[in-house]
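Contents: one structure, followed by commentary.
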Amino acid sequence: MARIELRNLRKDWPGVTAVDGINLRVDDGSFVALLGPSGCGKSTTLFMLAGIYSPSDGEILFDGARVNEVEARDRNIGIVFQSYALYPHMTAAENIGFPLRFQGLEKAEADHRVAEAAALVQVDQLLQRRPAQLSGGQQQRVALARALVKRPRLLLLDEPLSNLDAALRLTMRSEIRRLQRHLGITTILVTHDQIEATTMADRVVVMNRGRIEQEATAEDTYRRPRSLFVAGFIGAPPINLVPALAAGDRVTAGEVGLRASRPVTGEVVVGVRPEHLRLAASGVHGRVAAIEPMGREVLLALDGPLGRIHLLIAVGAGMPAEGAQVHVDFDPADTLLFDRSTSLRIEDVTLTPDAVVAV
Amino acid sequence: MIPAVALKQIEVSGSARPDWAALARRTRVRGMAGQIALAAFLAIVSLPIILPYFWMVVISFTARTGGVSADVLWTACAVIVPAVLLYSLVHLVVFSPGTRLAAGVGLTVVALALLAWLVGSRLHIDNYRFLWRANLVEEIRRKATAGGQFPSVWTAFTNSLALALSQTAVIVTVASLAGYYVSRFAFRGRALFLHGMLVAHAFPAMTLIIPIFLTLYWLHLLDTILGVMLVLTAIELPFYVFVMKGFFDSVPWEIEMSAMTDGATRRQAFVLVVLPQVRVGLIAVAVFAFIRAWEEYIFVRTMLIENKNWVMSLYLYWVADDVMGVDYGIVAAVSIFYVLPSLLLYVFCQKYLTQMTIGGIRG
């Protein structure tokens, strides 16, 4: 197990900066998710941790010791790739035992460790099969066993669930979480799927364009996003972001007027999550452009003076038809206010109702 | 949004119910007609290839010194062609594998019996006596001919084997290492290197024959198997490097990364994890390189002179040169002996050879 620290870590490729100076601490035994869209530098960061890429600048520290120059094979890291990267010519048992070949273990001890790791992820019945004879979920488990068999100080997971079907993803999510807790192993997960990140990890690191946008608990990234990017990336269906103008203590977006707890000036963006909007007798008006049933709830898309707005409402009576004119209302306390020029959230301001101008 | 007006215009055309049974019948008839046409076409185009080989076999087992007659060939054809046609007919009509097999075995037995009865008495293995008698040609011509005494065919066979095996070993080793490097590493001049190899492969090597001859002479490698092997290897290598590059390209990078985080060095990752993935490519390249070396004629003809250095193609050439017009049987028998190793390799490694083109295309 190890405490990981990244200091001003940078990776430049010819013409591109993949990772642009990031700082991060991962506590011993904790589970951290690197979350971001493709190309945000999360995988590059992972590969630098694994020792496959060497950083252009900055430092990687394991338990306070610099490991930049330590080769991948000496770092004792377990890694599960998106494609699992199992060795096709070896059986599951040989795959799991592969890392032990380089540790000079006695055969009996190695066999014991393989059986132990296989039992941990419940593939002990499949040890004589080759990867091609295993289902996606089984391959995933074998890959996990191979990563764990050497008792690594750090477990890296690169989009481990993205090749599984929805039901299996749910199972593996809780299973990986259970394993991580059980073994107490420091784990870093890379994913573009916010559900994976927020459900599995203790802390979520949202990345964008090679930088860390926010590092917080899953709840904080949702409730208190640090920037417009985090607000837009976390939460499904995504947050409604409406441009507004602030002058003094008044914030105006089209027909909506809000009162700020302290004076704000300039162009701002008001964010309201779809689940915080509700149908009402008066308020912002719009025409129902699309209705998407999502099971327990229904997502409505409204076209109105503020552009397209999405709201999530419970299934039930009084469902408007497509094309109907409706009004929506919200509690201003649920809104988030962002400075448009810096893209950062204005944190010390709360909004209260001022007047909703009826049209 | 699609305007409602436009939506109205898109309607299922032709409301009449189609005749499904007729459509299904049409597909079946077309399928069968296509199969027959394809089989007929392939049979016809393969005739010019099969017939000469078949004739060669027939000559080698029937001809005697003094001339060759075609009547055994025609008799054999008269038995085999109807048997094959009959079997094709069975295949078209009967679908159970058991019956098909029974028909095949039955027809083979009948054809063999007919052949034994019609031409059996004319078969002999006299033409293969070159396998145990070295100075065969002089026995036939009653004087020493070009090249002086004929070497034993086994000398030529051993030389051919040495040439082909050493060339195969060098090509497999160099092509796999170079292919891996070109596939995985970025280095200055990589594009130029790849283009250069393509050009080198497109360049007709025959035009270099005089400079190569002189170079070998200066290096004292003229008239040695080693010299020819080096020349042929150099000429052939670019192609095989490309083929191997294609195979390595299709091995995912992540497997190697995984091996290295698992504790392997780069070399261990290559040997333990990458090489097994390109096993098919290695076999294909090996077989192809072996066969190419086995059948080589122009360069060995130019650079191997003394008869102790003859390879099989030269042995065949000199046999043909000396006894042609007198004893076709022995030429045919030597040809069969010469073709046999390539043929066996092709038969047993066919599936790898077809994979090679796939690997090549990926590159």
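Descriptive notes on the structure:
- Footprinting exposure proxy for B:Phe239, A:Phe338 (fewest neighbouring C-beta atoms within 10 Å first): B:Phe239, A:Phe338
- Evaluated at q = 0.07, 0.14 Å⁻¹: base-10 log I(q)/I(0), Debye formula over Cα of chain A: -0.40, -1.11
- Mean projected area of the Cα convex hull of the range B:254-363, taken over all directions, amounts to 10.4 nm².
- Sites listed here are trypsin sites (Lys or Arg not before Pro) in the range A:246-339 whose DSSP assignment is loop and whose Cβ has at most 13 other Cβ atoms within 10 Å: A:Arg296.
- Least to most buried among A:His310, B:His195 (fewest other Cβ within 10 Å first): B:His195, A:His310
- Computed over the range A:1-148: relative contact order in percent, which uses C-alpha pairs under 8 Å that are six or more apart: 21 percent
- By the helix-only formula, in which each DSSP H run with n ≥ 4 contributes -39500 (n - 2.57) and the sum is divided by residues, chain A has a 222 nm mean residue ellipticity of -6500 deg cm²/dmol.
- Shielding value for A:109-118 is 0, the average number of Cβ atoms from other chains within 10 Å of each residue's Cβ.
- Size descriptors for the range A:79-123, from the alpha-carbon set: Rg then Dmax equal 10.8, 31 Å.
- If both residues of a DSSP beta bridge must be in the protein assembly as shown, then about 80% of such bridges are antiparallel.
- Computed E for A:Asp354/A:Val16 - FRET, C-beta separation, R0 51 angstrom, nearest 0.05: 0.65
- Relative to the current alpha-carbon distance between B:Val84 and B:Val174, full extension at 0.36 nm per residue lengthens the span by 27.8 nm.
- Residue mean of other protein chain beta carbons inside 10 Å, B:250-259: 6
- Coordinate range along principal axes, alpha carbons of the range A:1-141, Å, largest first: 45, 31, 27
- Gyration tensor (alpha-carbon) shape descriptor, the range B:175-325, a/c threshold 1.5: prolate
- For the range B:301-351, pairs of C-alpha atoms spaced more than 13 angstrom apart make up 63 percent of the total.
- Counted without the sites themselves, the longest stretch of chain B free of GluC sites (Glu not before Pro) in a DSSP loop having at most 12 other beta carbon atoms within 10 Å is B:12-305.
- With the helix formula -39500 (n - 2.57) applied to DSSP H stretches of n ≥ 4, chain B reaches a computed 222 nm mean residue ellipticity of -24500 deg cm²/dmol.
- Residue-averaged beta-carbon neighbours from other chains (10 angstrom radius) around A:84-90: 6
- In this simple spin-label approximation, A:Ser56 and A:Ala280 carry label points 7 Å from Cα along the Cα→Cβ vector, and these lie 5.0 nm apart.
- At q = 0.21, 0.23, 0.34 Å⁻¹, base-10 log of I(q)/I(0) for the range A:156-196 (Debye sum, equal scatterers on each alpha carbon): -0.66, -0.79, -1.27
- Counted without the sites themselves, the longest stretch of chain A free of GluC sites (Glu not before Pro) in a DSSP loop having at most 15 other beta carbon atoms within 10 Å is A:107-321.
- For A:Val269, net neighbour charge (Lys/Arg +1, Asp/Glu -1) across residues whose Cβ lies under 9 Å away: -1
- Estimated D of chain B in µm² per second, where Rh is the Kirkwood radius over Cα pairs and Stokes-Einstein applies at 4 °C, 1.567 mPa s: 50 µm²/s
- Put in line by how crowded their Cβ is, counting other Cβ atoms within 10 Å and starting with the fewest, A:Val205, B:Val280 read B:Val280, A:Val205.
- Based on C-alpha pairs under 8 angstrom that are at least 6 apart in sequence, the range A:97-148 has a relative contact order of 43 percent.
- Within the range A:106-229, antiparallel bridges make up roughly 55 percent of the DSSP beta bridges whose residues both belong there.
- Acute angle (nearest 10 degrees) that the helix A:136-148 long axis makes with the longest principal axis of chain A, alpha-carbon atoms: 60 degrees
- Counting Lys and Arg as +1 and Asp and Glu as -1 over every other residue whose Cβ lies under 10 Å from the Cβ of A:Asp249, the net charge comes to +2.
- Between 0 and 90 degrees, the angle of helix A:107-120 with respect to the longest Cα principal axis of chain A falls at about 20 degrees.
- Cut-off under 5 Å, modelled amide H: who pairs with A:Ala244 long-range: A:Val268, A:Val269, A:Val270
- For the protein assembly as shown, the convex hull drawn through the C-alpha positions has a volume of 283 cubic angstrom per residue.
- For the Cα trace of the range A:19-90, dividing Rg by the Kirkwood Rh returns an Rg/Rh value of 0.97.
- Its relative contact order, with pairs defined as Cα atoms under 8 Å and 6+ residues apart, puts chain B at 27 percent.
- Per residue, the convex hull around the alpha carbon atoms of the range A:224-359 comes to 99 Å³.
- Across the range B:202-242, Cα-Cα pairs more than 12 Å apart make up 61 percent of the total.
- Chain B: DSSP helices with Cα axial extent of at least 27 Å and average Kyte-Doolittle hydropathy no lower than -0.5: B:20-62, B:71-93, B:97-119, B:153-184, B:225-249, B:328-362
None of the figures in this text is laboratory data; all of them are computed from the coordinates on show. Keep in mind that this is a model prediction, so the values were computed, not measured. Heads up, the Cβs are rebuilt from the backbone with ideal geometry, glycines too, and the neighbour counts pull from every protein chain shown.
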